[in-house]
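The values are calculated or read from the model by the stated rules, or taken from the named source; none is laboratory data. Given the structure is predicted, the values throughout are model-derived calculations rather than measurements. A quick note on method: Cβ atoms are made from the backbone with ideal geometry, for glycine too, and the neighbour counts reach across all protein chains shown. For accessibility, only protein heavy atoms count, side chains too; no ligands or nucleic acids. Shrake-Rupley method; radii C 1.70, N 1.55, O 1.52, S 1.80 Å.
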Amino acid sequence: MYELKTKENDNSVIEFIENVDSPKKRDDAYRLLDIFTETTGYPAKMWGPSIIGFGSYHYKYDSGHEGDAPLVGFSPRKAKISLYFATGDTEREALLEKFGKHTSGKACVYINKVADIDVEVLKALINQSVVFLTERYPTG
């Protein structure tokens with residue numbers, strides 16, 4: 001049976017950020033921590049060894065695969081900062097057009113630094129993702 005690697009854990013978010021090599025990336029991580037916490041209202045939690053997530057939802061696919069994931073999150077990686085938003089949200093692309101300098105994959109949006117993006121659009125992306133996932137995967 002497939003075992004999810006990225007699970008919520010009790011590791012320290014602050015300790016993780018303090019261990020980020022680049023001082024600029026560390027500063028950006030603290031800035032993102034404030035933005036995500038303020039925007040979602042959820043406390044930051046570590047997911048796996050390197051993702052800082054906010055809130056959580058339980059998903060179950062038609063294939064039977066199921067698990068838990070953060071509603072939104074980020075990770076200050078060596079190359080770029082990864083931002084995690086909902087996949088399958090059709091409104092994400094419209095927001096990304098106004099976001100600033102980034103690249104994106106299926107689930108992640110990658111930025112070099114917070115100064116490259118519009119923070120208000122980031123907040124809109126966070127809110128949109130939380131709404132999309134809580135409507136799609138209601139709890140209870």
* To do: Starting from the amide H of CYS108, placed 1.01 Å from N in the peptide plane, find each other amide H under 5 Å away whose residue is 5 or more places distant or on another chain.
  => none
* Answer rounded, prolate or oblate for the stretch 1-69, using the Cα gyration tensor with square roots of eigenvalues a ≥ b ≥ c: rounded when a/c is under 1.5, else prolate when a/b is larger than b/c, else oblate. => prolate
* Structure fact -> Toy charge model, Lys and Arg Cβ at +1, Asp and Glu Cβ at -1: the chain dipole around Cα centroid in debye, rounded to 20, equals 420 debye
* At TYR59 and VAL131, where each label point lies 7 Å from the Cα along Cα→Cβ, what is the point-to-point distance in nanometres? -> 2.0 nm
* Show which lysines lie in cross-link reach of LYS101 when reach means a straight Cα distance below 25 angstrom and same-chain residues fewer than eight apart are skipped. => LYS24, LYS25, LYS78, LYS80, LYS113, LYS123
* Per residue of the chain, what 222 nm ellipticity follows from adding -39500 (n - 2.57) for every DSSP H run with n ≥ 4, rounded to the nearest 500? -> -10500 deg cm²/dmol
* Asked: Please identify the GluC sites (Glu not before Pro) of the stretch 87-140 that satisfy two criteria: DSSP loop assignment and at most 14 other Cβ atoms within 10 Å. Which are they?
  -> GLU91, GLU97
* In the stretch 5-107, which trypsin sites (Lys or Arg not before Pro) fall in coil by DSSP and have 13 or fewer other Cβ atoms within 10 Å? -> LYS5, LYS7, LYS78, LYS98, LYS101, LYS106
* For the stretch 77-134: rounded, prolate or oblate by the Cα gyration tensor [a/c cutoff 1.5] -> prolate
* Asked: Amide H to amide H, which residues 5 or more places from ALA69 or on other chains are under 5 Å from it, using H placed in the peptide plane?
  -> TYR57, TYR59
* Loop only per DSSP, at most 13 neighbouring Cβ atoms within 10 Å: give me the chymotrypsin sites (Phe, Trp or Tyr not before Pro) in the stretch 1-75, ordered by residue number. => TYR2, TYR61
* **Proximal charge balance of VAL121 [Cβ under 10 Å; K/R count +1, D/E count -1]** => -1
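Sort SER12, SER75 by heavy-atom solvent-accessible area, probe 1.4 angstrom, most to least.
So the residues, ranked largest to smallest area, are SER12, SER75.
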